[in-house]
Structures are given as C-alpha cells and as structure tokens.
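The values are calculated or read from the model by the stated rules, or taken from the named source; none is laboratory data. Small disclaimer: the values here were computed from a predicted structure and weren't measured. Cβ: placed from backbone, ideal geometry, glycine included. Neighbour counts: every protein chain shown.
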Amino acid sequence: MKSLLTCYLFFFLISSYAQENLTYQKPHKNVLELAEAPLAPSIRMDNKGENIVLLYRSAYKTIEELSETEMRLVAYVLIL
C-alpha cells in the first residue's frame, strides 16, 4: 500500500511540472522575414524559346479558397 501511494505521489509531482503555461510567442524578426518572403515566380517558355511568361503566386490561400468544400478522391487498392 505504501509503494502504491508513493507511485501516485511521484506521478502527481511529475505531471504538475510536465507543461509550462506559455502564451503565444512570435519567432525572431529575421525568421518572420524568411517565412513571409515572396515566392519565386514560375517560368513558362514557348516551343520556339522566344517568349517567356513569369507566373507569380501567393504563398497563402485566401479565406474564400479555404472555405470551399473539398471533393476528395478515394483510391482503393486490390491485392490479389
């Protein structure tokens, strides 16, 4: 009985120090600048190599794109 009580006390003490109550933290300014850097454009060239198109894209989706319903494909694999 004494060892069981000791185990409960041990686990209670460990669980009380398991996590700290942290608030939201932002990374350093240099890290934020790297994460928010614009993406490099994609390059498309015609067959003759005369014309080039630079395609710029956003790193983040808009709220409208995120709120759209998704149609997912399910693939079934048959093992014979």
How do the pairs read when you match residues in the range 47-62 that are farther than 19 Å from residue 33 by Cα and at pLDDT 90 or above with residues anywhere that are of a type in the set (Asp, Glu) and assigned to a loop (DSSP other than H, G, I, E, B), using Cβ under 9 Å and keeping only pairs 6 or more apart or on different chains?
52/46; 53/46
When residues of the range 63-76 are limited to those that are over 21 Å from residue 39 (Cβ atoms) and acidic (Asp, Glu), the one surrounded by the fewest Cβ atoms within 10 Å (Cβ to Cβ):
70
Inside the range 5-39, the number of residues satisfying the requirement of being modelled with pLDDT of 75 or more and either surrounded by fewer than 10 Cβ atoms within 10 Å (Cβ to Cβ) or not polar (S, T, N, Q) (or both) is 19
